[in-house]
Amino acid sequence: MEVRGLTKRFPGVVALDDVTFAARAGEVHALVGENGAGKSTLIKVLTGVHHPDQGHLVHQGEPVSFATPLAAQHAGISTIYQEVNLIPLMSVARNLCLGREPRTRFGLIDFGRMHREADRTLREYGVQVDVRRPLRELGVGAQQMVALARAVSVDARVVIMDEPTSSLEPREVETLFGVIRRLRDRGIAVVYVSHRLEELYAVCDTVTVLRDGRVVHTGPLAETDRLTLVSLMLGRPLGEVRAEGVTKFSGAHDTGQEPVLFAEGLTRRHQLHDISLRIRPGEVLGLGGLLGSGRSETAKAIAGALPLGSGRITVAGTALRTGSTPAAIRAGISLLPEDRKAEGIVPGLSVRENIALAALPRLSRFGLVSDTRIDAVVDTFMKRLRIKASGPHQKVGELSGGNQQKVLLARWLAMHPKVLLLDEPTRGIDIGAKAEVQKLIDELAEDGLGVLLISSDVEELIEGSDRVVVLRDGAVVGELSGDDVTEDRLMQAIAAAAEEEAVTHG
Ligand SMILES: Nc1ncnc2c1ncn2[C@@H]1O[C@H](COP(=O)(O)OP(=O)(O)OP(=O)(O)O)[C@@H](O)[C@H]1O
Ligand SMILES: [Mg+2]
């Protein structure tokens with residue numbers, strides 16, 4: 001699959017500028033670049049979602065044009081989009097077979113066979129679920145696996161993955177890589193988009209770097225080291241990139257003595273078991289653990305988004321009514337949720353409105369909100385997070401995936417909370433802006449905020465946190481502080497808890 005001289009414009013922006021790109025059979029091709037560089041747009045042109053303004057597509061040696069995504073799919077081009085686009089209310093099995101359900105000889109859907117086949121397919125991907133349940137009851141990671149299994153099981157010649165691992169845990173990522181390698185060995189062309197560089201080196205053969213809609217480099221990945229790749233993506237000299245190091249965190253913070261947040265005995269049937277935490281002003285408390293260990297649930301419980309069986313939460317000395325989001329917000333708790341699509345962004349509203357939405361009460365005086373104050377706040381965050389948009393009035397739905405996330409992050413930061421709960425704050429955010437977000441977290445802590453940090457990026461968790469509480473199966477199983485906050489210790493704590501469990505369960 002090839003594109004030559006491709007140009008795609010949107011009002012006010014050239015998303016792709018004279019791009020030439022080829023995905024070859026039996027090759028895994030990494031497509032990288034900053035948020036808004038044009039990766040998703042290129043994919044959408046390859047798959048018939050967008051039509052190029054200039055240039056053309058070549059598929060298996062023949063010029064082609066795809067009128068619709070379905071036409072591209074029929075030609076053997078399968079895509080897993082950045083956002084899972086399945087049907088949440090339908091069963092897992094139905095989602096997997098949509099459009100090609102097995103039929104009985106009367107032409108009705110053969111549910112028995114559909115369920116058996118779906119179950120078998122998903123097991124190959126390491127997913128064990130009741131395939132009759134609605135898809136939306138699955139975690140985001142499992143949903144992504146369903147999307148992947150679906151894309152691959154149609155007869156694909158080209159498989160395109162736009163940030164497929166953003167919600168997967170390490171074990172699922174390994175499964176995915178196994179699938180990718182099998183596809184490559186079968187002579188399928190794989191295009192792989194990710195902001196996680198170590199993943200690219202694990203699975204990709206070739207790399208193409210996009211910057212501001214232009215191809216700035218194509219070649220074998222093994223010949224381009226990590227720093228060179230970053231400098232190509234950012235368009236900054238190698239020396240400058242090298243001087244910056246891996247993360248932007250500055251190290252330990254000076255923390256106040258009295259905790260700003262006390263959470264005691266948080267308990268919810270089957271999910272949380274007697275979890276107690278305290279966060280001091282100026283402290284970044286990391287929550288460690290694997291997917292399903294209860295990290296997100298703990299954050300949600302503190303933010304009032306999850307009803308509790310029992311437990312007490314106190315913010316700055318005042319007890320909070322649990323299970324109420326408004327009460328938590330009034331008390332000064334902000335949560336950046338994990339599932340941004342479902343719990344946050346309003347695509348039809350502007351960047352400005354999306355940022356200012358929640359901060360309005362704070363920005364108003366005597367019930368009046370001054371436009372200039374809103375403008376100032378919006379402008380500050382657009383600059384600091386380097387949000388790429390034509391301006392504050394562009395609709396958020398038109399921004400690239402990573403830039404939408406930055407808008408959501410800006411919204412919660414603009415609220416000036418006392419306690420900030422961040423669930424995967426840098427997921428999907430490019431390497432340049434990631435450093436910016438990390439710097440911001442540091443500065444917020446220095447301003448006296450209490451921060452709870454959840455990150456599946458272990459490096460980020462370790463370097464960003466002053467202390468780490470380790471969860472497993474909804475319970476606290478360990479705590480690391482001071483010099484013990486290291487990757488090894490974290491892995492040990494998680495593994496030790498697993499062993500203990502194996503012993504007690506025989
Ligand atoms: N439907 C649209 N309308 C207007 N502008 C758009 C639209 N889709 C994309 N753009 C713009 O095109 C540019 C490229 O966006 P694209 O989504 O391709 O970036 P990306 O490389 O996938 O970024 P990310 O890493 O954040 O996913 C951005 O400036 C974006 O705002
Ligand atoms: Mg994208």
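The values are calculated or read from the model by the stated rules, or taken from the named source; none is laboratory data. These figures come from a predicted structure and were not determined experimentally. With ideal geometry, Cβ positions are generated from the backbone for all residues, glycine too; neighbour counts draw on all protein chains shown.
Structure values in brief
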read-out	value
Strands (runs of 3 or more DSSP E) contained entirely in segment 20-128, each with at least 2 residues that are without any contact (Cβ under 8 Å) to a residue 12 or more places away in the chain and away from ligand 2 (no atom under 16 Å from the Cβ)	62-64
Exclusive hit being modelled with pLDDT of 95 or more, closer than 30 Å to Gly391 by Cα, buried (at least 21 other Cβ atoms within 10 Å of the Cβ) and within 15 Å of ligand 1 (Cβ to nearest atom), set Leu46, Leu42	Leu42
Cβ pairs under 9 Å, 6+ apart, first in segment 401-412 and assigned by TED's automatic domain parsing to the domain that holds Gly348 and in contact (Cβ under 8 Å) with a residue 12 or more places away in the chain, second among the aromatic types (Phe, Trp, Tyr) and assigned to a helix (DSSP H, G or I)	Lys406/Phe381; Val407/Phe381; Leu409/Phe381; Ala410/Phe381; Arg411/Phe381
In segment 400-411, the residues that are more than 16 Å from ligand 2 (Cβ to nearest atom) and of a type in the set (A, V, I, L, M, F, W, C)	Leu409, Ala410
Residue within segment 97-112 that is within 23 Å of Val190 (Cα to Cα) and surrounded by 16 or more Cβ atoms within 10 Å (Cβ to Cβ) present	yes
Restricting segment 371-399 to residues that are more than 16 Å from ligand 2 (Cβ to nearest atom), crowded, with 17+ Cβ neighbours inside 10 Å and part of a helix (DSSP H, G or I), the residue that is farthest from the chain's Cα centre (by Cα)	Ile374
Evaluation of Thr68 against (1) surrounded by 13 or more Cβ atoms within 10 Å (Cβ to Cβ); (2) assigned by TED's automatic domain parsing to the domain that holds Ile180 (one fails), failing number	(1)
Checklist (1) surrounded by fewer than 21 Cβ atoms within 10 Å (Cβ to Cβ); (2) within 16 Å of ligand 2 (Cβ to nearest atom); (3) basic (Lys, Arg) applied to Arg467, failing item	(2)
Yes/no for Glu27 being within 8 Å of ligand 1 (Cβ to nearest atom), among the charged types (D, E, K, R), within 27 Å of the chain's Cα centre (by Cα) and more than 12 Å from Val215 (Cβ to Cβ)	no
Residue satisfying all of: in segment 3-23; charged (D, E, K, R) and touching a Ser or Thr at 6+ places or on another chain (Cβ under 8 Å); surrounded by the most Cβ atoms within 10 Å (Cβ to Cβ) among these	Lys8
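One line per residue, one yes/no per condition, for (1) at pLDDT below 85; (2) more than 20 Å from Glu479 (Cα to Cα):
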residue: Phe249; (1), (2): yes, yes
residue: Ala252; (1), (2): yes, no
residue: Pro259; (1), (2): no, no
residue: Phe262; (1), (2): no, no
residue: Arg268; (1), (2): no, yes
residue: His273; (1), (2): no, no
residue: Leu285; (1), (2): no, no
residue: Ser296; (1), (2): no, no
residue: Lys300; (1), (2): no, yes
